[in-house]
Amino acid sequence: MIAVRLLGVGVIAYLIGSIPTAYLVGRLVKGLDIRSYGSGNVGATNVMRVLGTGPGLITLGIDALKGFVVVRWIVAALCAHSAHFPLWQIFGVIMVVVGHNWMIFLGFKGGKGVATTAGAFLAMSPPATLSAIAVWAAAVACTRYVSLGSILAGIALPLFMFLFHQPLPYVWFALFLTVALIYKHRGNIQRLLAGTERKIGEREKI
């Protein structure tokens, strides 16, 4: 039974995560392959940079929804009565983020997983996640660097999980994801230090 649940949650979460939102928005809005413009990243920030705020926010919302749906409905439907439900949620988050970062529909390439992770954690712990989102919003508003906001929100998330007395597996998992997020943003960190990172609102010429 556990093996069936693992397979069911893992496959469904991975496929939902693999929905290439940014790629589809680029095709529908402008008929372009978003991977060939801006940073080449298949994520909301690059869509916003290339196509504008509206398409970027749509991409952001759908990518976040992917994580929320997996944790709130898929894992809940398949594993709600398990004594290890928090661990099943964590497994669902891992698989949906893996799907987003290595999309089967785009040759196992993808985004950085920030929005999808935020959506998943919003289903797991709304207070901690909303607090981390507030950190992101404040950082972006002050600096206009989305990448910096994402990094700071990632660092804040495990702290808020601890402060809001969330289950210990959630705290450790959030800490692990923070390390992974910083690793995925290493290029952005280099550009931030060099002063070459693009700010929000700076459109890419297409």
- Query: Seen from all sides and averaged, what is the projected area of the convex hull of the Cα atoms in segment 1-118, in nm²?
  - Reply: 6.8
- Task: Report, in degrees rounded to the nearest 10, the 0 to 90 angle that the Cα long axis of helix 2-17 makes with the longest principal axis of the chain.
- Result: 20
- Could you compute the FRET efficiency for residue 108 and residue 28, with r as their C-beta to C-beta distance and R0 at 25 Å, rounded to 0.05? 0.65
- Message: Give me the one-decimal Kirkwood hydrodynamic radius in Å for the chain, with the sum taken over alpha-carbon pairs.
- Response: 17.1
- Against the longest principal axis of the chain, how steep is helix 126-143, in degrees 0 to 90 to the nearest 10, with axes from Cα atoms? 10
- Inter-part distance where segment 42-81 and segment 1-23 are each reduced to a Cα centre, Å: 14
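Per 0.36 nm of contour for each residue apart, how much would the distance between residue 182 and residue 134 grow if the chain were fully extended, relative to their Cα-Cα spacing? All intermediate terms of the calculation are to be shown ahead of the outcome.
Values: separation 48, 0.36 × 48 = 17.28 nm, distance 1.86 nm.
Here the segment from residue 182 to residue 134 would lengthen by 15.4 nm.
Please order 29, 171, 96 by the number of other Cβ within 10 Å, starting at the fewest.
Working: 29 17, 171 21, 96 33.
Fewest to most other Cβ atoms nearby, the residues stand as 29, 171, 96.
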- Item | Structure-based [θ]222 nm, the chain - -39500 (n - 2.57) summed over DSSP H runs of at least 4, per residue, nearest 500 | -22500 deg cm²/dmol
- In degrees between 0 and 90, to the nearest 10, how far off the longest principal axis of the chain does helix 146-163 point, with axes built from Cα atoms? 20
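In nm², what is the average projected area of the convex hull enclosing the Cα atoms of segment 66-152?
On the way: hull surface 24.7 nm².
Answer in nm², one decimal: 6.2.
List nothing, just return the count: lysine pairs in the chain, 8 or more apart or interchain, with Cα separation under 21 Å.
Working: 30/205; 66/109; 66/112; 66/184; 109/184; 112/184; 112/199; 184/199.
Counting lysine pairs in the chain gives 8.
Any read-out appearing in this document is the output of simple, stated calculations on the displayed coordinates, not a laboratory observation. From a predicted model like this one, the values you see are computed outputs, not experimental measurements. We place every Cβ from the backbone using ideal geometry, glycine too, and count neighbours over all the protein chains shown.
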